[in-house]
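Novice: Provided herewith is a single structure, encoded as structure tokens, for subsequent inquiry.
The values are calculated or read from the model by the stated rules, or taken from the named source; none is laboratory data. Quick caveat: nothing in here was measured; it's all calculated off a predicted structure. Counting neighbours? That spans all protein chains shown, and the Cβs are built from the backbone with ideal geometry, glycine included. Ligands, DNA and RNA are excluded from the accessible area calculation, which covers all protein heavy atoms including side chains. Shrake-Rupley method; radii C 1.70, N 1.55, O 1.52, S 1.80 Å.
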Amino acid sequence: MNFSRYTDQVVLVTGGAQGLGRAMAERFASEGALVHVADLNESAAADVVAADATGRLSCSTLDIADPVAARGWIDGIADRHGRLDVMVNCAGIIRDNRIENISVDDWHAVIAVSLSGTFYCTQAAFAHMKERGYGRVLSFSSMSWRGNFGQANYVAAKAGVVGFTRGFALEGARHGVTANAIAPGLIDTPMLASMNGPARDKLIGKVPMRSVGEPADIAAAATFLCSREAGYITGVVLDVDGGIGIGSSIR
Ligand SMILES: NC(=O)c1ccc[n+]([C@@H]2O[C@H](COP(=O)([O-])OP(=O)(O)OC[C@H]3O[C@@H](n4cnc5c(N)ncnc54)[C@H](O)[C@@H]3O)[C@@H](O)[C@H]2O)c1
């Protein structure tokens, strides 16, 4: 891929050391963006930089559930470049369990990364985007936001991302800032591999397209939603899921 849609744009991706975040970071860089990744996993982040052939990708080790650290990372990059065009809130975790077994810690951990982290990064990014009257915020929900067995904490976080995106979209609109979300279905990443095997296999059996998706499918959607040409799209939740979100499917 070698478009130049993002030439000179500054793009931030949380959770970009592996999986969907990595695929997006690499795709944005291949399209000309200066991409900064934040991730907890230092060695995986170093691998991303080592594998980068564009010279436009860099990584920081950061916990986005820490509001002070998240703001410091974003302010530092925006101040250095004098701009911030795209904020991708991708970092997320799962701590699946039936409701009676979800610990208070696992409840808070999932909300802290997926929902609070999205808020912290969006709030900090918006301040810079507003100054220039341009910005794209893309956050990660999940097909699970409508409900999924054994994931009540994750469902709450991902439904929260949808609500947050819609609420923020109304505020960003008058400043040239769009806010959208992607709700991936089952995409082949380390997170999917870590899910409970039988539950995962059951879900895969329900995908109308009969296969899991690839991180590149998400990167393609993300680079469209964050592009200049998508400027009249805001408050949208885009299912990228092989049709599983449609509902009942006869196999
Ligand atoms: N893969 C799927 O099938 C799928 C489906 C629906 C939704 N999603 C969502 O898409 C996003 C990416 O998923 P993935 O499959 O690539 O996950 P993944 O687990 O493969 O990668 C997530 C990355 O986020 C990082 N991370 C976790 N907590 C962090 C924190 N506090 N601060 C900074 N970085 C942190 C991890 O180190 C990891 O590199 C997540 O929000 C996930 O909930 C994924």
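Novice: Kindly indicate which of Gly55, Gly32 is surrounded by 16 or more Cβ atoms within 10 Å (Cβ to Cβ) and at positive phi.
Specialist: Gly32 is the lone residue from the list that is surrounded by 16 or more Cβ atoms within 10 Å (Cβ to Cβ) and at positive phi.
Novice: Okay, next question. When you check Gly172 against the structure, is it modelled with pLDDT of 95 or more, within 30 Å of Ser4 (Cα to Cα), touching a strand residue (DSSP E or B) at 6+ places or on another chain (Cβ under 6 Å) and among the small types (Gly, Ala, Ser), yes or no?
Specialist: When the stated conditions are applied, Gly172 passes them.
Novice: I'd like the full set of residues that are assigned to a strand (DSSP E or B), under 12 Å from Asn89 (Cα atoms) and either β-branched (Val, Ile, Thr) or more than 9 Å from the ligand (Cβ to nearest atom) (or both), limited to the range 112-153.
Specialist: Those that are assigned to a strand (DSSP E or B), under 12 Å from Asn89 (Cα atoms) and either β-branched (Val, Ile, Thr) or more than 9 Å from the ligand (Cβ to nearest atom) (or both): Arg136, Val137, Leu138.
Novice: So in the range 55-71, with the set limited to residues that are aliphatic (A, V, I, L, M) and within 8 Å of the ligand (Cβ to nearest atom), which one is nearest to Ala91 (Cα to Cα)?
Specialist: Out of the qualifying residues, it is Ile64.
Novice: Something else: Only one of (1) within 14 Å of the ligand (Cβ to nearest atom); (2) surrounded by fewer than 16 Cβ atoms within 10 Å (Cβ to Cβ) is not met by Gly242, so which one is it?
Specialist: Going through (1) within 14 Å of the ligand (Cβ to nearest atom); (2) surrounded by fewer than 16 Cβ atoms within 10 Å (Cβ to Cβ) one by one, Gly242 breaks only (2).
Novice: Which of the residues that make up the range 8-29 are within 13 Å of the ligand (Cβ to nearest atom), on the phi > 0 side of the Ramachandran plot and surrounded by fewer than 24 Cβ atoms within 10 Å (Cβ to Cβ)?
Specialist: Gly19
Novice: If I ask for residues that are under 19 Å from the mean Cα position of the chain (by Cα) and either aliphatic (A, V, I, L, M) or closer than 17 Å to Ala230 by Cβ (or both), which ones from the range 142-175 would you list?
Specialist: Met143, Val155, Ala156, Ala157, Ala159, Val161, Val162, Thr165, Arg166, Phe168, Ala169, Gly172
Novice: Another question, if that's okay. Would you confirm, using the coordinates I've provided, whether Ala193 is part of a helix (DSSP H, G or I), of a type in the set (Gly, Ala, Ser) and in contact (Cβ under 8 Å) with a residue 12 or more places away in the chain?
Specialist: no
Novice: Looking at the range 176-196, which of the residues that are among the polar types (S, T, N, Q) and open to solvent by less than 50 Å² (accessible area, probe 1.4 Å) is farthest from Asp85 (Cα to Cα)?
Specialist: Thr189
Novice: Just the residues that are within 13 Å of the ligand (Cβ to nearest atom), part of a loop (DSSP other than H, G, I, E, B) and open to solvent by 40 Å² or more (accessible area, probe 1.4 Å), please, taken from the range 197-211.
Specialist: Ser211
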